[in-house]
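Please read the structure below before turning to the comments.
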Amino acid sequence: MDAGLKRELEAKVYAGERLTREDGIALYESDDLAWLGRLAHHRRTELNGDRVMFNVNRHLNLTNVCSASCAYCSFQRKPGEKDAYTMRIDEAVRKAKEMEDEQLTELHIVNGLHPTLPWRYYPKVLRELKAALPNVKLKCFTATEVQWFEKISGLSADEILDELMDAGLESLTGGGAEIFDWEVRQHIVDHACHWEDWSRIHRLAHSKGMKTPSTMLYGHIEEPRHRVDHVLRLRELQDETGGFAVFIPLRYQHDFVDSADGKIRNRIQARTTMASPAESLKTFAVSRLLFDNVPHVKCFWVMHGLSVAQLSLNFGVDDLDGSVVEYKITHDADSYGTPNTMHREDLLHLIWDAGFRPVERNTRYEVVREYDAPPTLAERRAEPQQVWA
Ligand code: SF4
């Protein structure tokens with residue numbers, strides 16, 4: 001990047017000026033990762049100091065049967081496929097109870113767009129989960145699912161959200177966003193929920209007092225300009241509602257190991273690679289700088305590996321999330337051997353080792369517990385160093 005432009009962008013960031021679309025594209029064109037990290041870290045520190053938030057959550061998918069066939073998706077199954085499943089309500093409650101831990105605070109529930117499950121199933125399952133786990137917040141359903149509920153119920157999103165909130169819904173999830181620009185979206189998304197509906201449903205959720213997450217699936221067939229466009233749409237909506245609590249860049253994944261049948265379901269896999277760690281760090285940094293009105297940027301560490309997750313804390317990220325539980329079930333979530341669940345203690349040490357202060361939050365990003373500041377480097381070096389894979 002031209003040295004003059006670099007100075008100009010740097011001056012804008014340090015003056016707290018809003019960056020433009022052209023600025024965002026220029027930042028992606030820079031290969032000076034350390035410089036990008038420094039700018040993003042400046043902004044992150046202004047907003048969140050040395051705090052790194054996390055929460056104790058588990059994921060539950062009620063069904064993997066889906067009417068759509070998004071090109072990148074390896075989760076969906078068609079009715080009758082060997083490993084297609086749909087949980088009965090009592091089964092979902094039993095599974096959730098099994099995952100409940102004394103300090104579990106959130107259940108994250110997303111599902112396929114099931115062709116025949118009736119709308120009534122969804123509020124009912126929420127009511128029963130809430131009755132069985134009264135202290136656990138329910139973060140459920142993408143905007144895509146809410147739009148699907150409109151289709152199968154004949155109700156409006158307004159009525160649907162009211163009923164789901166009455167049944168215990170605390171927040172929507174941020175999924176279904178992928179990349180909003182139609183140039184890319186038409187090739188990767190097969191359902192009918194695009195920017196107009198996705199933003200309509202989140203706007204509505206915000207008007208009802210919900211704080212929702214926003215996401216972006218990157219590292220497949222999109223170009224940096226599509227990522228910039230995606231973030232600017234969200235930034236504009238955030239100016240209007242202030243309802244997004246966090247932005248989560250999600251790294252597109254290949255099917256490393258497909259389950260029982262060994263079938264690769266991801267239809268763009270043959271013509272795509274995955275974002276490298278450097279590209280992910282750049283994406284975190286540029287997102288932090290461009291999306292100036294969102295309070296938090298999250299690294300979903302299961303997708304990145306623990307060492308990249310630690311590094312991301314110096315590239316704009318201040319929230320680490322994944323299936324964090326009190327017990328450890330290590331298994332390969334990807335080819336890097338990253339665990340898909342971690343002890344709370346492990347996560348605390350991961351954050352301390354990176355030089356930050358852990359803060360446990362709830363679904364609304366309210367502080368549940370503040371932990372000690374990180375030990376000094378000299379103190380850390382006095383003990384054997386843990387290697388985070
Ligand atoms: S809507 Fe698309 S991404 Fe979601 S489960 Fe169905 S096929 Fe997968």
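Of everything in the stretch 300-315, what is more than 18 Å from His343 (Cβ to Cβ), within 13 Å of the chain's Cα centre (by Cα) and open to solvent by less than 20 Å² (accessible area, probe 1.4 Å)? Give them in sequence order.
Scanning the stretch 300-315 gives a single hit, His304.
Of all helices (runs of 4 or more DSSP H) completely enclosed by the stretch 107-222, which ones contain at least 3 residues that are within 15 Å of the ligand (Cβ to nearest atom) and either in contact (Cβ under 8 Å) with a residue 40 or more places away in the chain or hydroxyl-bearing (Ser, Thr, Tyr) (or both)? Outline the logic, then answer.
Values: elements: 121-132, 143-153, 157-166, 182-188, 195-207.
Answer list for the stretch 107-222: 143-153, 182-188, 195-207.
Quick one: in the stretch 79-110, which of the residues that are open to solvent by 20 Å² or more (accessible area, probe 1.4 Å) and in contact with a Cys (Cβ under 8 Å, 6 or more places away or on another chain) is farthest from Val368 (Cα to Cα)? Talk me through it step by step, then tell me what you get.
Within the stretch 79-110, the first condition is being open to solvent by 20 Å² or more (accessible area, probe 1.4 Å), and the residues that meet it are 79-86, 88-91, 93-95, 97-103, 105, 108, 110.
Next, only the ones that are in contact with a Cys (Cβ under 8 Å, 6 or more places away or on another chain) stay: 108, 110.
Details: His108: 18, Val110: 24 Å.
Looking at the filtered set, the residue picked out is Val110.
When only residues in the stretch 124-154 that are of a type in the set (Asp, Glu) and under 18 Å from Cys66 (Cα atoms) count, which is surrounded by the most Cβ atoms within 10 Å (Cβ to Cβ)? Spell out how you get there, then give the answer.
If we filter the stretch 124-154 for residues that are of a type in the set (Asp, Glu), which is where we start, we get 128, 145, 150.
Then drop every residue that is not under 18 Å from Cys66 (Cα atoms), which leaves 145, 150.
Details: Glu145: 25, Glu150: 19.
This residue is Glu145.
What strands (runs of 3 or more DSSP E) lie completely within the stretch 291-389 and have 2 or more residues being among the hydrophobic types (A, V, I, L, M, F, W, C) and modelled with pLDDT of 95 or more? Walk me through how you get there before you give the answer.
On the way: elements: 296-300, 319-321, 357-361, 367-370.
Correct list: 296-300.
Can you tell me which of (1) at pLDDT 95 or above; (2) away from the ligand (no atom under 16 Å from the Cβ) is the one Leu104 doesn't meet?
(1)
Is one or more of the residues making up the stretch 85-100 in contact with a Ser or Thr (Cβ under 6 Å, 6 or more places away or on another chain), farther than 30 Å from Tyr218 by Cβ and outside any loop (DSSP other than H, G, I, E, B)? If you could, list the steps in order and put the result at the bottom.
If we filter the stretch 85-100 for residues that are in contact with a Ser or Thr (Cβ under 6 Å, 6 or more places away or on another chain), which is where we start, we get 86.
Subset that is farther than 30 Å from Tyr218 by Cβ: 86.
Imposing the further condition that a residue be outside any loop (DSSP other than H, G, I, E, B) reduces the set to 86.
Checked against the condition, which is being in contact with a Ser or Thr (Cβ under 6 Å, 6 or more places away or on another chain), farther than 30 Å from Tyr218 by Cβ and outside any loop (DSSP other than H, G, I, E, B), the stretch 85-100 yields at least one hit.
Only one of Thr144, Thr116 is touching a strand residue (DSSP E or B) at 6+ places or on another chain (Cβ under 9 Å) and β-branched (Val, Ile, Thr); which? Walk me through how you get there before you give the answer.
Numbers: Thr144 fails: touching a strand residue (DSSP E or B) at 6+ places or on another chain (Cβ under 9 Å).
None of the others qualify; the one that does is Thr116.
Within the stretch 243-251, is there a residue that is in a helix (DSSP H, G or I), open to solvent by less than 40 Å² (accessible area, probe 1.4 Å) and out of contact with any Gly (no Cβ under 7 Å at 6 or more places or on another chain)? Working first, answer last.
Filtering the stretch 243-251 for residues in a helix (DSSP H, G or I) gives none.
There is no residue in the stretch 243-251 that is in a helix (DSSP H, G or I), open to solvent by less than 40 Å² (accessible area, probe 1.4 Å) and out of contact with any Gly (no Cβ under 7 Å at 6 or more places or on another chain).
Just to be sure I understand the filter: pairs with C-beta atoms under 6 Å, separated by 6 or more residues or on different chains, first member in the stretch 62-82 and at negative phi and touching a residue at least 24 places away in the same chain (Cβ under 8 Å), second member outside any loop (DSSP other than H, G, I, E, B) and among the charged types (D, E, K, R). Which pairs pass?
What qualifies is Asn64/Arg77; Val65/Arg77.
From the list Asn55, Asn64, Asn48, exactly one residue is within 14 Å of the ligand (Cβ to nearest atom), open to solvent by less than 60 Å² (accessible area, probe 1.4 Å) and under 30 Å from His343 (Cβ atoms). Which is it? Talk me through it step by step, then tell me what you get.
Values: Asn55 fails: within 14 Å of the ligand (Cβ to nearest atom); Asn48 fails: within 14 Å of the ligand (Cβ to nearest atom).
Checking each option against the conditions leaves just Asn64.
Looking at this structure, is Gly4 within 23 Å of Pro295 (Cβ to Cβ) and small (Gly, Ala, Ser)?
Working: within 23 Å of Pro295 (Cβ to Cβ): no; small (Gly, Ala, Ser): yes.
Against the criterion (within 23 Å of Pro295 (Cβ to Cβ) and small (Gly, Ala, Ser)), Gly4 does not qualify.
Quick one: Ser30 ticks every box in (1) open to solvent by 50 Å² or more (accessible area, probe 1.4 Å); (2) among the hydroxyl-bearing types (Ser, Thr, Tyr); (3) within 21 Å of Ser280 (Cβ to Cβ) except a single one, so which number is it?
If we test Ser30 against (1) open to solvent by 50 Å² or more (accessible area, probe 1.4 Å); (2) among the hydroxyl-bearing types (Ser, Thr, Tyr); (3) within 21 Å of Ser280 (Cβ to Cβ), just (1) comes out false.
The values are calculated or read from the model by the stated rules, or taken from the named source; none is laboratory data. Bear in mind that the values here come from a model prediction, so they are computed numbers and not experimental data. Glycine gets a Cβ as well: all are built from the backbone with ideal geometry, and neighbour counts include every protein chain shown. All accessible areas refer to the heavy atoms of the entire protein, side chains included, with ligands and DNA or RNA removed. Shrake-Rupley method; radii C 1.70, N 1.55, O 1.52, S 1.80 Å.
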